[in-house]
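A.B. asks: I have a structure here, written as structure tokens, and I will follow up with some questions on it.
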Amino acid sequence: MTSPNASRDDFDRLMTQWMEADAHAREPEHLIDSVLERTRAARRIPRWLLPERWIPVQLTMPLRGVPRLAPILLLIALLLAAIVAFVIVGSRPRLPDPFGLAANGRVAFLSNGQIHAANPDGSNPIQLTFGTRTAAMPVWSRDGTRIAYKLISPASTPEEPTLFGDLIVVNADGSNPIPIEPETKGMSPAVWSPDGRWLLYSRLEGTVDQIYVAAADGSSPPTRVGNPATVNWAPTFSPDGTKIAFFVQSSGIEVMNRDGSDIRRLNTSAFGEIDSAQWDPDGNRIVVSAATSEASDLWFVYLDGTPERHLRTVGRAEVSPSWSPDGGRLLYLTSTTGTSFTLMVADAEGTNEQVMPGQYSYVNPTWSPDGSRIAAVNDLGSVARVTLLDPDGVAEAIVIEGALPAGSLIAPRSDIPVWQRTAQ
Amino acid sequence: MQRDLVERAMAGDHDAFSELARVSIGRLYVVARLILRDDARAEDASQDALVAAWRRLNGLRDPDRFEAWLHRLLVNACYREARKGRRRRSFEVQVDALPMPEAPDASGMDFDLADRDQLERGFRRLDVDQRTVLVMHYYLGFSLDAAAEVLGVPPGTVRSRLHRAINAMRAALEADARVPALNEGRST
């Protein structure tokens, strides 16, 4: 019966029958209870920390750089070529103010597991990082002179390929790499202080997310700030760099001074999972996308104790809010299905919303530093489209198409400039 | 119905996830058991896959792909358990055979208990990659494209992996068949 000389049909039938006969076992009764007990206690991994949001990965494969790169390179080349139509090439030595409008500088992108930067017209591409280890999460400093990134560690697992990594800072031309902290676990994308002196991030300490502030020149070790008894993550600096807003155990948003003192809860309503938050450029309020019993909605939370304002909508979710660089407009995604999103631009109070044409993915849309364009992504199909929209709806939208592996990053969180800011 | 549950679970509704877990856990356990050939490890793998699903639901782009995505998490969990198994192996000692679970009714099957043992021994000789692709092909009935999506490799890789797995299984059966013949030769 199990003769190795059996025909392929016989072998196929035998294998099928054997497996079906062997599959009669029932799972232990306690198993579902164990699963539900563990999941009730487990914190959801924030969308922006999932590896597929940062680098194209095959989760079952060991880390060997980034596979299937040709489509990414093609897409990036197309993106850079299109941006030149409206972007001013920034090469002046003067530095931009840390917040507000700035000229569009160079574009940083990931290719072949390394960080590159090129002029917006695609010219003068320079590879900034080298080696066999994969780089991820590039973040320009607010003055555009340096980049912080995560260098993925071999200690990461195939299931979580970006779990461990070193935090590194390099100059805009890739020179002078400075190790900031080695072997961080579950690190959030680094956030630069407006003056460029500090880096802010959360990382796992054991199984608890904690917030750290590190000197961007590596001159002092990272310092933990905030309450070590709570789960604190996704920190961001206020525009003046004196305060830090962060999420607490997926239910609240809190603020503290840069040294960790004076911790205050900003929301009084019960928030479910918080999607994202961004400071208003004037520093007086934060726009938050947080789940309620109905759906994810936008909220304005205020630093002066004013009760939060709920921008409630019926039957749809609002996520990924982002202020324009001048603070005059608010950009966000809406959805009634959870898969396809509409891009909305409203005034600074969230009113007079305008529907932008097209449908997009749940990938944060990005303002250009000069505020003249919005980059939005649709990568639900096998062909990704990056659309560069005029928020005024005057200039024609530029659509860039390119084959893209599912899960690739085009535009990361809107508060992480992929486009370098330079002086106007 | 499932899409609605997945969307609710993606939005953080644990009750919806619980329902999905209850529907899925039996099949996950069976698949893990087929791959790992070990009840305890299958239990760990199916549990880890569901916990990972809850933690990583934000990364799911299309709710209609939940099943394939969940299988991918399960395969990852099985690989992890298999690696643990390799580390444990050096500490294994021979123990008395455990009582066999009640065998299902094999009427209508083309094999008997001896064949079943032979298949079991042959299958255990395969590595976890080969076992996984055979389970996907013969038990789950996945197409090459579907298996490729779950494994995160191109369909061509699945095809060659399946081909090698079938050859390896046949070779294992052949080697197993030789043993009684050799024993017979020694006894005469």
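The values are calculated or read from the model by the stated rules, or taken from the named source; none is laboratory data. This one's a predicted model, so the numbers in the text were calculated from it and none came from an experiment. All Cβ positions, even for glycine, are placed from backbone atoms using ideal geometry, and neighbour counts span all protein chains on display.
A.B. asks: Looking at the range A:286-295 only, could you name the residues that are touching a residue at least 24 places away in the same chain (Cβ under 8 Å) and either outside any strand (DSSP E or B) or of a type in the set (Ser, Thr, Tyr) (or both)?
C.D. replies: A:Ser289
A.B. asks: Also, quick follow-up: Going through the range B:68-96 one residue at a time, which ones are more than 9 Å from every other protein chain (Cβ to nearest Cβ) and at pLDDT 90 or above?
C.D. replies: We begin by selecting, within the range B:68-96, every residue more than 9 Å from every other protein chain (Cβ to nearest Cβ); these are B:68-71, B:74, B:78, B:81-96.
Passing the criteria: B:Leu70, B:His71, B:Leu74, B:Cys78.
A.B. asks: Out of all the residues in the range A:276-285, is one or more among the hydroxyl-bearing types (Ser, Thr, Tyr) and modelled with pLDDT under 90? It would help to see each step written out before you state the result.
C.D. replies: Taking the range A:276-285 as the starting set, the residues that turn out to be among the hydroxyl-bearing types (Ser, Thr, Tyr) are A:276.
Then keep just the ones that are modelled with pLDDT under 90; that gives A:276.
Yes: one or more hits.
A.B. asks: Give the residue that is surrounded by the most Cβ atoms within 10 Å (Cβ to Cβ), with candidates limited to residues of the range A:341-367 that are in a strand (DSSP E or B) and at pLDDT 90 or above. Can you show your working first?
C.D. replies: In the first step, residues of the range A:341-367 are kept if they are in a strand (DSSP E or B); the result is A:341-347, A:354-355, A:360, A:366-367.
Now narrow it down to the ones that are at pLDDT 90 or above: A:342-347, A:354-355.
Numbers: A:Thr342: 18, A:Leu343: 22, A:Met344: 18, A:Val345: 20, A:Ala346: 18, A:Asp347: 12, A:Gln354: 13, A:Val355: 11.
In this case the residue turns out to be A:Leu343.
A.B. asks: Condition first: modelled with pLDDT under 55 and within 12 Å of chain A (Cβ to nearest Cβ). Can you find one or more residues in the range B:163-170 that meet it?
C.D. replies: Step one: filter the range B:163-170 for residues modelled with pLDDT under 55, giving none.
No - not one qualifying residue is present in the range B:163-170.
A.B. asks: With the requirement that a residue be assigned to a helix (DSSP H, G or I), crowded, with 19+ Cβ neighbours inside 10 Å and more than 7 Å from chain A (Cβ to nearest Cβ), what does the range B:136-148 give you?
C.D. replies: Residues of the range B:136-148 assigned to a helix (DSSP H, G or I): B:136-139, B:144-148.
Okay, now just the ones that are also crowded, with 19+ Cβ neighbours inside 10 Å, so B:136-139, B:147-148.
Answer for the range B:136-148, where residues must be assigned to a helix (DSSP H, G or I), crowded, with 19+ Cβ neighbours inside 10 Å and more than 7 Å from chain A (Cβ to nearest Cβ): B:Met136, B:His137, B:Ala147, B:Ala148.
A.B. asks: Still on this structure, I have one more. Only one of A:Val231, A:Val248 is of a type outside the set (Phe, Trp, Tyr), free of Cβ contacts under 8 Å to residues at least 40 places away in the same chain and touching a strand residue (DSSP E or B) at 6+ places or on another chain (Cβ under 8 Å). Can you tell me which?
C.D. replies: On the way: A:Val231 fails: free of Cβ contacts under 8 Å to residues at least 40 places away in the same chain.
So the residue among A:Val231, A:Val248 that is of a type outside the set (Phe, Trp, Tyr), free of Cβ contacts under 8 Å to residues at least 40 places away in the same chain and touching a strand residue (DSSP E or B) at 6+ places or on another chain (Cβ under 8 Å) is A:Val248.
A.B. asks: Residues in the range A:245-256: is at least one farther than 27 Å from A:Gly186 by Cα and at pLDDT 90 or above?
C.D. replies: We begin by selecting, within the range A:245-256, every residue farther than 27 Å from A:Gly186 by Cα; these are none.
Scanning the range A:245-256 turns up no residue that is farther than 27 Å from A:Gly186 by Cα and at pLDDT 90 or above.
A.B. asks: May I pose another question? Please work out which residue is farthest from B:Phe17 (Cα to Cα), limiting yourself to the range B:54-67 and to residues that are in contact (Cβ under 8 Å) with a residue 24 or more places away in the chain and within 9 Å of another protein chain (Cβ to nearest Cβ).
C.D. replies: Applying the filter and picking the extreme gives B:Asp64.
A.B. asks: With respect to A:Asp121, is the statement that it is surrounded by fewer than 19 Cβ atoms within 10 Å (Cβ to Cβ) and either modelled with pLDDT under 85 or touching a Cys at 6+ places or on another chain (Cβ under 9 Å) (or both) true?
C.D. replies: Values: surrounded by fewer than 19 Cβ atoms within 10 Å (Cβ to Cβ): yes; either modelled with pLDDT under 85 or touching a Cys at 6+ places or on another chain (Cβ under 9 Å) (or both): yes.
Yes.
A.B. asks: Residues of the range A:258-281 being surrounded by 14 or more Cβ atoms within 10 Å (Cβ to Cβ) and away from chain B (no Cβ under 14 Å), which ones?
C.D. replies: We begin by selecting, within the range A:258-281, every residue surrounded by 14 or more Cβ atoms within 10 Å (Cβ to Cβ); these are A:258, A:260, A:263, A:266-267, A:271-281.
Of everything in the range A:258-281, those that are surrounded by 14 or more Cβ atoms within 10 Å (Cβ to Cβ) and away from chain B (no Cβ under 14 Å) turn out to be A:Arg258, A:Gly260, A:Ile263, A:Leu266, A:Asn267, A:Ala277, A:Gln278, A:Trp279, A:Asp280, A:Pro281.
A.B. asks: Output the residue which, of all residues in the range A:296-340 that are basic (Lys, Arg) and part of a strand (DSSP E or B), is farthest from the chain's Cα centre (by Cα).
C.D. replies: Residues of the range A:296-340 that are basic (Lys, Arg), as a first pass: A:309, A:312, A:316, A:329.
Imposing the further condition that a residue be part of a strand (DSSP E or B) reduces the set to A:309, A:329.
Details: A:Arg309: 25, A:Arg329: 21 Å.
Residue satisfying both the conditions and the ranking: A:Arg309.
A.B. asks: Are any residues in the range A:284-312 crowded, with 17+ Cβ neighbours inside 10 Å and away from chain B (no Cβ under 14 Å), and if so, which ones?
C.D. replies: A:Arg285, A:Ile286, A:Val287, A:Val288, A:Leu298, A:Trp299, A:Phe300, A:Val301, A:Leu303, A:Glu308, A:Leu311 - these are the residues of the range A:284-312 that are crowded, with 17+ Cβ neighbours inside 10 Å and away from chain B (no Cβ under 14 Å).
A.B. asks: Taking strands (runs of 3 or more DSSP E) that do not extend beyond the range A:143-256, which have at least 2 residues that are buried (at least 20 other Cβ atoms within 10 Å of the Cβ)?
C.D. replies: On the way: elements: A:146-152, A:164-171, A:178-185, A:198-205, A:208-215, A:223-225, A:232-237, A:243-248.
Per the criteria, A:146-152, A:164-171, A:178-185, A:198-205, A:208-215, A:232-237, A:243-248.
A.B. asks: Just to be sure, is A:Asp326 surrounded by fewer than 20 Cβ atoms within 10 Å (Cβ to Cβ), out of contact with any strand residue (DSSP E or B) (no Cβ under 8 Å at 6 or more places or on another chain), under 30 Å from A:Ala395 (Cβ atoms) and in contact (Cβ under 8 Å) with a residue 60 or more places away in the chain? Quick ask: steps written out before the conclusion?
C.D. replies: Details: surrounded by fewer than 20 Cβ atoms within 10 Å (Cβ to Cβ): yes; out of contact with any strand residue (DSSP E or B) (no Cβ under 8 Å at 6 or more places or on another chain): yes; under 30 Å from A:Ala395 (Cβ atoms): yes; in contact (Cβ under 8 Å) with a residue 60 or more places away in the chain: yes.
Criteria met by A:Asp326.
A.B. asks: Check whether at least one residue in the range B:47-55 is modelled with pLDDT of 90 or more and of a type outside the set (A, V, I, L, M, F, W, C), and report yes or no.
C.D. replies: yes
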